[in-house]
Amino acid sequence: MMLAKKALVTGGAGFLGSHLCRRLLSLGYEVTAMDNLFTGTKNNIYDLLEEKRFSFVLHDVTQPFWGQFDEIYNLACPASPIHYQKNPVETMKSSVLGMMNVLDLALKTKAKVLHTSTSEIYGDPLVHPQVESYWGNVNTIGIRSCYDEGKRCAETLCADYNREYGVDVRMVRIFNTYGPNMHPKDGRVISNFIMQALANKDITLFGDGSQTRSFQYCDDLINAFIKYMSLDRGVIDAFVEKHNLGAAVINTGNPGEYTIRQLAEETLKQIPESTSKIVYEPLPKDDPKRRKPDITLAKELLDWEPSIPLQEGLSKTIAYFRKMF
Ligand code: NAD
Ligand code: UDP
């Protein structure tokens, strides 16, 4: 009998972590979710707690931990600006100390690592769309820096643990991803707009709404994780060399680009009974003006591309939040 592969998902009770745990279980893995429940909630994994191949560990990734796993997926870090700015030092520690703990464990146990980096490492980009070879435009001392620079440092650690110690690590720069299991008070734009529209409250549009984002539905991203982790290291190394990447890093996102005003209008269109009105509020500091992934590399390496357009993903996400009313 084949033994089940063992996976650790840090941040496993969060929005993306909970989807990943479900997918890994459906593929026959034994899954351990680790989380300190800072922005995640056990509600996201409640139904999994009965499952024999699933376990939950309440633990802070900044503290060392031990376990024998075949694969480690590192997601532990608050992702929403309002939450990561609430305790910026902890955010930086989650990214940097958390990454070191994950990589040290991988080094000792020969586990493969998939690390979730972010489009934020490009800052307020001067290159559009963003390609992996772009080094970014990031403020080191602004209110977003704890997240941006923490994630940049985590990438450096991944690259160096690979070069110096041969740890098998794969990085994904994720562009805005949304879907069911986002916390209703998460604070990111899609959950905010949907919750506001369903509650007939003002839709808070920051700035003039002309800034853009590209929105990826969660299932598309999880497909990319699974394909990436299943590749032989030799294939990845050859790809890194062919594209002169320096380390195994790819963008994942949906290249469809929308202004935030368009997003507000589409949300209201899909919730026609809402009496909400759009109100304009000041643009937060260092808010990137444009963001859109170039996913050429992910397409080539993973034979992958997102399949769920914004209208469809939004409708699935609205259906999830509707159940709360
Ligand atoms: P989320 O906030 O729902 O999930 C993060 C999870 O990590 C939460 O469950 C939280 O409780 C946990 N966590 C935070 N600090 C921790 C710590 N010190 N120890 C243990 N657990 C901790 O956000 P998400 O959208 O699911 O993001 C998951 C990962 O993907 C994050 O690392 C984030 O930076 C990255 N990412 C997400 C997006 C996106 O659009 N969703 C974009 C780019 C990158
Ligand atoms: N935003 C907004 N209203 C909100 C929340 C966010 O207009 O209630 C804007 C925010 O200023 C940014 C965009 O929507 O320009 C995306 O914000 P989010 O916090 O979701 O993620 P970011 O891409 O900025 O990390």
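The values are calculated or read from the model by the stated rules, or taken from the named source; none is laboratory data. The shown structure was predicted, so the numbers you read here are calculated from the model rather than taken from an experiment. With ideal geometry, Cβ positions are generated from the backbone for all residues, glycine too; neighbour counts draw on all protein chains shown. Areas reflect the complete protein model, heavy atoms only, side chains present, ligands, DNA and RNA absent. Shrake-Rupley method; radii C 1.70, N 1.55, O 1.52, S 1.80 Å.
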Open item on the list: Whole angstrom only: what separates the Cα centroid of the stretch 24-100 from the Cα centroid of the stretch 295-324?
Closed with: 23
Open item on the list: Compute the angle between helix 145-165 and the longest alpha-carbon principal axis of the chain, please, reported from 0 to 90 degrees and rounded to the nearest 10.
Closed with: 20
- [ ] Pop a pseudo-label 7 angstrom from the Cα along the beta-carbon direction at both Lys5 and Asn200 and give the gap in nm to one decimal.
- [x] 5.0
- [ ] Go ahead and run the numbers for FRET between Ser133 and Lys185, Cβ-Cβ distance against an R0 of 56 Å, rounding to 0.05.
- [x] 0.90
Open item on the list: If you average 1/r across every pair of different Cα atoms in the stretch 1-106 and take the reciprocal, what Kirkwood value do you get, in Å?
Closed with: 13.9
TODO: Taking the Cβ of Tyr161 as the centre, find all other residues whose Cβ is under 10 Å away and add up their charges (Lys, Arg: +1; Asp, Glu: -1).
DONE: -3
- [ ] Give, in nm to one decimal, the length gained when the segment between Ile143 and Leu126 is fully stretched (0.36 nm per residue of separation minus the Cα-Cα distance).
- [x] 4.2 nm
Task: Cut-off of 10 Å, at most 14 other beta carbons, DSSP loop: longest stretch of the chain lacking such GluC sites (Glu not before Pro) - done: 52-272
- [ ] Tell me what the chain gives for mean residue ellipticity at 222 nm when only DSSP H runs of n ≥ 4 count, each as -39,500 (n - 2.57), the sum divided by the residue total, rounded to 500 deg cm²/dmol.
- [x] -12000 deg cm²/dmol
Open item on the list: Semi-axes of the equivalent ellipsoid for the chain, please: Cα gyration tensor eigenvalues, times 5, square-rooted, ordered largest first, whole Å.
Closed with: 31, 23, 19
Task: Percent RCO, i.e. relative contact order, over the chain, from Cα pairs under 8 Å lying at least 6 residues apart - done: 18
Task: Estimated distance in nm for a label pair at Asp208 and Asp287, the labels positioned 7 Å out from Cα along Cα-to-Cβ - done: 1.3
- [ ] Order the following by accessible area, largest value first: Met34, Met100. Probe radius 1.4 Å; ligands, DNA and RNA are ignored.
- [x] Met100, Met34
- [ ] List the equivalent ellipsoid semi-axes of the stretch 72-121 in whole Å, largest first, each obtained as the square root of 5λ for an eigenvalue λ of the Cα gyration tensor.
- [x] 23, 12, 7
TODO: Please identify every one of the trypsin sites (Lys or Arg not before Pro) in the stretch 157-195 that sits in a loop by DSSP and has no more than 14 other beta carbons within 10 Å of its own beta carbon.
DONE: Lys185
- [ ] Please compute the Cα-Cα pair-distance distribution of the stretch 166-325 with 5 Å bins starting at 0, giving whole percents from short to long.
- [x] 1, 9, 17, 18, 16, 13, 10, 7, 5, 3, 1, 0
- [ ] Express the relative contact order of the stretch 63-149 as a whole percentage, based on alpha carbon pairs under 8 Å and six or more residues apart in sequence.
- [x] 34
- [ ] Determine the per residue accessible area of the chain with all protein chains present and a 1.4 angstrom probe, expressed in square angstrom.
- [x] 45
TODO: Taking the chain as the reference, fit the longest principal axis to its C-alpha atoms, fit the long axis of helix 310-322 to the helix C-alpha atoms, and give the angle between the two in degrees, 0 to 90, nearest 10.
DONE: 80
Task: Top of Thr204, Thr91, Thr252 by mean-square fluctuation, Gaussian network on the chain, Cα under 10 Å - done: Thr204
Task: Rg/Rg_ref, the stretch 64-198, where Rg_ref = 2.2 N^0.38 Å and atoms are Cα - done: 1.12
Open item on the list: Between 0 and 90 degrees, rounded to the nearest ten: what's the tilt of helix 233-242 against the longest Cα principal axis of the chain?
Closed with: 70
- [ ] Summarise the accessible area of the chain (1.4 Å probe, protein heavy atoms) by the percent that is carbon and sulfur.
- [x] 54
